[in-house]
Amino acid sequence: MSKKNFVLFLALCFLVSRGIRSQELRFHGKFSNTTYSYETDKVHTRLYQTIRFSAEKPNWNKLALIGSFRALTDLNETIDDDLRYKFYQLNLQVQDILGHLDFVAGRFFLHPGTVLGAVDGMQLDVHLTHKIAWKVYGGVESHFNRSIKIYESQDGWVAGSLFEWEKLLSNTFQLLYLQKTDDEETYWQITGLNIVNTQIPHTQLKIQSHYDLKNSRFHKLLFNARYSLGTKLFLAYGYKNQYPQVYSNSFFTIFEIDPYQKHSIDLLYNLTNSIFASGTYQLIQLDDETANQVIISLGNNSGNIGLIYESGYGGDHIGAMVDYAYWVTKNLCASAYVDYSHYRTQEIYEYENQLANALRMSYRFNKRWLIDLEYQWLTNRFQESDSRILNHIHLSW
């Protein structure tokens, strides 16, 4: 889609929103304009426009059109169209067909029991009972650049199915199959089982086991346990073993791909109704290396202050961070963020210091209009001062 056609499309969306009452449609959405100024070897000023909307007929509440787009202009240099325009989603949704079917066609986000992403295709959900559902889907991955075009099947064809049974002996079961194919071969055939169990009081258990039939290996193993003691104490333990999701045409296929293992322990304790303390420990294991991370913080509804410590394969790091917001008036909010890091990437290097800061003012004129102004600056060994200014204007309807 050319720049002229994209601008015409945005104008059409605006005109449709203006005439929506006469057409007896429900049209909800949000339009944002962001100005971003920064300096590298020269000054850059970038303009971002994003629009998200949903349209439905009041008497046809089973039918909806969903869209999300972004345009970018750099006032100081020319940008390729693939970077200028982002086409996140545009799909037609029909729900509750004959009381049992949901249908989606277009570009939409898909999470069929495992992480996938955006797809140009179709999905059909069949609700066999109020507890049992079956999903089938197929299409072409729209990739990370989200270009305004329909990708061809050889770019990455995806097809699969998901069977789900809820509330079976306090469990939710999911059986899944996912296949990815390019113009040369099938490079993923993943089958798996997901279980969520709530049978133990105050406890939720989650298990995911996904096996790649094509490559004869486990693609993902996940275990997560969460425990709550009233409203005061929350504990969680997690384990994850996964192969990196590398595409067949990726540069990284030249490397030998090995899985990683991650253990995590999380704790949150409510000291009062408005103040909480939290802590996280993570251990990442590779074949011959390990990395550790510890985060502790104290916060309330307005923000938090925290400390971070990292060691091992990822380097050594000690840091502190503060994130706080204060409502000056009912409509005006001021917020600040400070992040200090004392780090080194390897033991042979000296420690370096980095300080990152941000100040923001937000003012809400009414329920439709909101404006933000943010100033960011960074200091480290590469830059004595790296600063930028952002301005956001939001219109919701």
Next item on the list: Could you check segment 315-397 for strands (runs of 3 or more DSSP E) lying wholly inside it with 3 or more residues that are of a type outside the set (Lys, Arg) and over 23 Å from Thr50 (Cβ atoms)?
Entry: 316-327, 332-344, 352-364, 369-379
Notebook entry, point to check: Of Ala105, Ala64, which residue is touching a strand residue (DSSP E or B) at 6+ places or on another chain (Cβ under 8 Å), touching a residue at least 24 places away in the same chain (Cβ under 8 Å) and in a strand (DSSP E or B)?
Noted result: Ala64
Next item on the list: Evaluate the following for Ile308: is it out of contact with any helix residue (DSSP H, G or I) (no Cβ under 6 Å at 6 or more places or on another chain) and buried (at least 16 other Cβ atoms within 10 Å of the Cβ)?
Entry: yes
Note to self: Here is a list: Phe276, Phe255, Phe234, Phe223. Which entry is among the hydrophobic types (A, V, I, L, M, F, W, C), modelled with pLDDT under 90, at negative phi and out of contact with any Asp or Glu (no Cβ under 7 Å at 6 or more places or on another chain)?
What the structure shows: Phe255
Notebook entry, point to check: Out of the residues in segment 38-68 that are among the hydroxyl-bearing types (Ser, Thr, Tyr) and surrounded by 15 or more Cβ atoms within 10 Å (Cβ to Cβ), which is nearest to Ile79 (Cα to Cα)?
Noted result: Tyr48
Check: Would a scan of segment 79-86 turn up a residue that is in a strand (DSSP E or B) and in contact (Cβ under 8 Å) with a residue 60 or more places away in the chain?
Finding: yes
Checklist line | Single unsatisfied condition, Gly138 versus (1) in a strand (DSSP E or B); (2) small (Gly, Ala, Ser); (3) surrounded by 18 or more Cβ atoms within 10 Å (Cβ to Cβ) | finding: (3)
Next item on the list: Please identify the pairs in which a residue from segment 299-318 that is over 15 Å from Asp339 (Cβ atoms) has its Cβ atom under 7 Å from the Cβ atom of a residue that is hydroxyl-bearing (Ser, Thr, Tyr) and surrounded by 15 or more Cβ atoms within 10 Å (Cβ to Cβ), counting only partners at least 6 apart or on another chain.
Entry: Ser302/Tyr324; Gly315/Tyr343; Asp316/Tyr343
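The values are calculated or read from the model by the stated rules, or taken from the named source; none is laboratory data. The model shown is predicted, which means the values in this text are computed figures rather than measured ones. Glycine gets a Cβ as well: all are built from the backbone with ideal geometry, and neighbour counts include every protein chain shown.
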